[in-house]
């Protein structure tokens, strides 16, 4: 339908993003809620729709959406990793024109309402903007599974220092032995094999992030980041590699001297921008 | 500087919005963090700046911002209501050209990190997008104080019904005896006198909101809203009036029949828009 | 169904928010696109659903949504004011339990793509976050119509001053004879009678806002605001009252002295928060 | 300070994000405004701060921020590509511990206010959320420059079809010969050499995107995407490769049959989620 192309289509992919799904799992004495958002990206033999508009191999993104709901109805959603893997494998198995399926899941977290010390069987409060995440990238030959935490927002009021850095003609930041350390932890980790206990590892990594953040005497965001990654690798032998990204959400000490007051490291201006962004990837030796 | 105005300036107000402040309160054995955002609006004898650009009575909004930080350094921030009241009174006392000061505070909430069952003395996680709020509107004659909760996001998976509503030519919604009830509670309440125990009342109202939401067998969002307000007035005799607003964050049951599956009230599409919005104001008789 | 209430329901209202609608008007030689978002709020005899869960008078918010689409299919959408009025009157006429209907519309704006100087008949680019707005509040006795502009974002690089304001112990802002003036204009206006030419007045007001912003030598945001309102009232005799709100989106001159450079009023830090907020309401004398 | 690491730091990078800057260029008869946001990421010999907290090689992210303002004061900002390149080269030249600098710029666009057909010399309206972008990645050996457009939001009301796609057990989408095509174009392109006329190429690519979008009879989003890329490569011989990403912002035809009305392809529900996401990368043969 087309003549020889004047240009090469060197890469193509398409899919459906932000497919939102809530599943209720009804047990006799309590109910569970799972809320996830799904992004699907497929690669394969799709060049004809790009070059001629022939859609005969195109799986409509609307059908991908339907597939998410239909498969979720039949899957326990015991972990987002297992459901992402199930979805990715489904696309590869069902459609021969697909060579790679990437499925990204984000889970919104709900806490049970606690009344008089007891967890309520079917009422929940939102845990906020933190997300648990998973990415499965599968071809007919290989599958990689990545787990993650997004936007775990933490703040500590002391035990964070920053000094001894380069001082030159563009430096105005004073050194500090006691600053606020606030960040939104993002961590992703990859496994050496397919099916570890995803939920157990997720809990372990999240706890380590919080424990290191709270207890580490920090000389730099970088140092705390490294310690988080090191501890996660030490604790979870199924994790091969972990990447952590931490924005440094600055709290600027307000200068109160113009108002005749002493500046005592108590009053700060929290800022959204600009922010430092510190990243690192750690592996087993 | 101007001739007689061809038009009347029937209302004017100005101020500073989104003044963000973090205060750390350092105790011997633990530290507290307070994060607030302040909106200030002043009314008074400011018509000259509108009509001629004569700014001699104008308190710069930048100075309002400075005032927030300077006063916060000297105030315990024991409750946002008390600090809002302090700020409002300051502006009235300090500047005779001001006839009314409205101060709105929003507090972002932080939970202590818990390690091995113990609350950490100086590390915190964000409690999400929920806010505690206060509005103080003060003139030289009167002061009104309003407290509130914003964006308390809750969801229950059962014990919510909706049936018996008007069915006519524009009705397609099926009746249901079991739906998801999800909302973001907003409540504001006003007092009959100036200085009740704001923190105690806030805790009581918030707990009542959660308890009623969890335990009320709901025939309509309206009915649950009324029960929340009624219970809050019953429990807190200092509250004169309470207004509650609840968006109905719809979760649409996915029709799985086209995929050969039974639709069992388990798979839902959560949606942000459109949303129902239910409001009500309750007073003592 | 209920006993005498222990508390009074002094106000109640409910409705549907963010009903989004796109209508295409297909003419022989060109097509038009209208994109609106609708908020509906109804008041009336609805206390039974609050107090007993009896929904027999409740028009489901889902039915309100359906009504928007059904009526939009039959209405020319020649102006958002006329459609808002049509919707409000429909609810009052159709349901006797409703005593007041408030319909708020926001229109997203699209510009035609221009190719070689010609407007394209059916391709458009988004005009951004600016919105045209209308609010109709109707009872069986009265109707008020308000028109508006939201988020008309403008910036001028000179001809804005700010000096002569109060200098006291909380003042650190320097006086300036040449600052950036940036804001997002919000204007709403009310009419003395029901059916003026809404589109013509909207165009006139918007043009006046832009012209005054550009050409007014500003001694304060307040002064420019007043001039905008005065000019709109002068030009449009159907407008009885106009309210304008303008955030002062500060651009802070960067101090370059620490880097051995002269600070020449050329390099600024644009900030989102905090911001000044200036408001005023003008009427005919 | 540390023993041999139990884990390897296989990658590290850090920098400053969202450094916002406005520069005014004051000419005798008119003024120009440039508004940019800068992200900087540096890689190099920084492992000591991660592993021991020794910050002696760390350039504070605050100093990076200062550098942006200081260098912007001395640079014409004739194109964002040239300034990004200048910044990246500065970091490499000034600090020997840096091995790679990545500088990403986003430019917010302003249109001149037009009064009586004349462009105003110093007043502007925001062009909305569209951004011009540039990324320069530089090492001591190589520099790559990428230009881009983000969020060019367009909609056409006809001349878009979608049919002939896979129909199977998960397909419910009807075929259509006339649908709304709405998207937010994102395009990035890379050059074969360092210093072409960036502004001229940007204008050309943007015009081609709009022209193809408006005039292409689309059988799929993919086909239109490919045509855009092909035409850009044809027109700009300095571009080696172009990547385009287009979300398919669905407008769902509202079914009016339940309300006794004919569904005539005029009334649509615009939706934000889920959305299709179509991508493609084209190169010269």
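Quick one: count up the residues across the range B:232-252 that are without any contact (Cβ under 8 Å) to a residue 24 or more places away in the chain and either over 26 Å from residue B:195 (Cβ atoms) or buried (at least 22 other Cβ atoms within 10 Å of the Cβ) (or both).
The number of residues fulfilling the criteria is 1.
For every residue, the table says whether it meets (1) at positive phi; (2) out of contact with any strand residue (DSSP E or B) (no Cβ under 6 Å at 6 or more places or on another chain).
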position: B:13; (1), (2): no, no
position: B:21; (1), (2): no, no
position: B:28; (1), (2): no, yes
position: B:33; (1), (2): no, no
position: B:39; (1), (2): no, no
position: B:44; (1), (2): yes, no
position: B:62; (1), (2): no, yes
position: B:67; (1), (2): no, yes
position: B:70; (1), (2): no, yes
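The lone criterion from (1) closer than 19 Å to residue D:246 by Cβ; (2) out of contact with any helix residue (DSSP H, G or I) (no Cβ under 6 Å at 6 or more places or on another chain); (3) surrounded by fewer than 22 Cβ atoms within 10 Å (Cβ to Cβ); (4) at the interface with chain D (Cβ under 10 Å from one of its Cβ atoms) left unmet by residue A:44 is number (4).
Residue count for the range B:74-94 under the criterion of being in a helix (DSSP H, G or I) and either at pLDDT below 95 or within 22 Å of the chain's Cα centre (by Cα) (or both): the result is 10.
Kindly indicate whether any position in the range C:195-207 is loosely packed, with under 15 Cβ neighbours inside 10 Å, within 30 Å of residue B:68 (Cα to Cα) and away from chain B (no Cβ under 13 Å). Checking the range C:195-207: not a single residue is loosely packed, with under 15 Cβ neighbours inside 10 Å, within 30 Å of residue B:68 (Cα to Cα) and away from chain B (no Cβ under 13 Å).
Just one of (1) at the interface with chain C (Cβ under 7 Å from one of its Cβ atoms); (2) under 20 Å from residue C:279 (Cα atoms); (3) buried (at least 20 other Cβ atoms within 10 Å of the Cβ) fails for residue B:11. It is (3).
A quick yes/no check of all residues on (1) part of a loop (DSSP other than H, G, I, E, B); (2) in contact with a helix residue (DSSP H, G or I) (Cβ under 8 Å, 6 or more places away or on another chain); (3) over 22 Å from residue B:57 (Cβ atoms); (4) at pLDDT below 95:
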{"site": "C:208", "(1), (2), (3), (4)": "no, yes, yes, no"}
{"site": "C:232", "(1), (2), (3), (4)": "no, yes, yes, no"}
{"site": "C:237", "(1), (2), (3), (4)": "yes, no, yes, yes"}
{"site": "C:244", "(1), (2), (3), (4)": "no, yes, no, no"}
{"site": "C:258", "(1), (2), (3), (4)": "no, yes, yes, no"}
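Which of the residues that make up the range B:216-227 are touching a residue at least 40 places away in the same chain (Cβ under 8 Å), surrounded by 16 or more Cβ atoms within 10 Å (Cβ to Cβ) and either out of contact with any helix residue (DSSP H, G or I) (no Cβ under 6 Å at 6 or more places or on another chain) or outside any loop (DSSP other than H, G, I, E, B) (or both)?
B:218, B:219, B:221, B:222, B:224, B:225, B:226
Here residue D:172 meets the list (1) touching a helix residue (DSSP H, G or I) at 6+ places or on another chain (Cβ under 9 Å); (2) surrounded by fewer than 19 Cβ atoms within 10 Å (Cβ to Cβ); (3) closer than 21 Å to residue A:12 by Cβ almost entirely, failing just condition (3). Of the residues making up the range A:11-36, those that are touching a helix residue (DSSP H, G or I) at 6+ places or on another chain (Cβ under 9 Å) and within 18 Å of residue A:105 (Cβ to Cβ) are A:15, A:16, A:17, A:19, A:21, A:23, A:34, A:36. Outside any strand (DSSP E or B), in contact with a strand residue (DSSP E or B) (Cβ under 7 Å, 6 or more places away or on another chain) and either within 22 Å of residue C:195 (Cα to Cα) or at the interface with another protein chain (Cβ under 7 Å from one of its Cβ atoms) (or both): is that true of residue C:105 in this structure? Taking the combined requirement at face value, the residue does not satisfy it. Residues of the range C:64-73 that are touching a helix residue (DSSP H, G or I) at 6+ places or on another chain (Cβ under 9 Å) and either within 7 Å of another protein chain (Cβ to nearest Cβ) or part of a loop (DSSP other than H, G, I, E, B) (or both): C:66, C:67, C:69, C:70, C:72, C:73. With respect to (1) surrounded by 21 or more Cβ atoms within 10 Å (Cβ to Cβ); (2) over 22 Å from residue C:16 (Cβ atoms); (3) more than 13 Å from chain C (Cβ to nearest Cβ); (4) out of contact with any helix residue (DSSP H, G or I) (no Cβ under 7 Å at 6 or more places or on another chain), the lone exception for residue B:182 is condition (2).
Is it true that some residue in the range D:85-98 is at the interface with chain C (Cβ under 10 Å from one of its Cβ atoms), over 30 Å from residue C:209 (Cβ atoms) and surrounded by 16 or more Cβ atoms within 10 Å (Cβ to Cβ)?
For the range D:85-98, residues at the interface with chain C (Cβ under 10 Å from one of its Cβ atoms), over 30 Å from residue C:209 (Cβ atoms) and surrounded by 16 or more Cβ atoms within 10 Å (Cβ to Cβ): absent.
Of all residues in the range B:14-63, those that are free of Cβ contacts under 8 Å to residues at least 40 places away in the same chain and assigned to a strand (DSSP E or B) total 7.
Screening the candidates D:154, D:212, D:166 for the property of being touching a helix residue (DSSP H, G or I) at 6+ places or on another chain (Cβ under 6 Å) and within 14 Å of chain A (Cβ to nearest Cβ) yields one hit, D:212. From the list B:116, B:111, the one residue that fits, being without any contact (Cβ under 8 Å) to a residue 60 or more places away in the chain, more than 9 Å from chain C (Cβ to nearest Cβ) and at positive phi, is B:116.
The values are calculated or read from the model by the stated rules, or taken from the named source; none is laboratory data. Quantities reported herein were computed from a predicted structural model and do not represent experimental measurements. Note: ideal-geometry Cβ built from the backbone for every residue, glycine included; neighbour counts use all protein chains shown.
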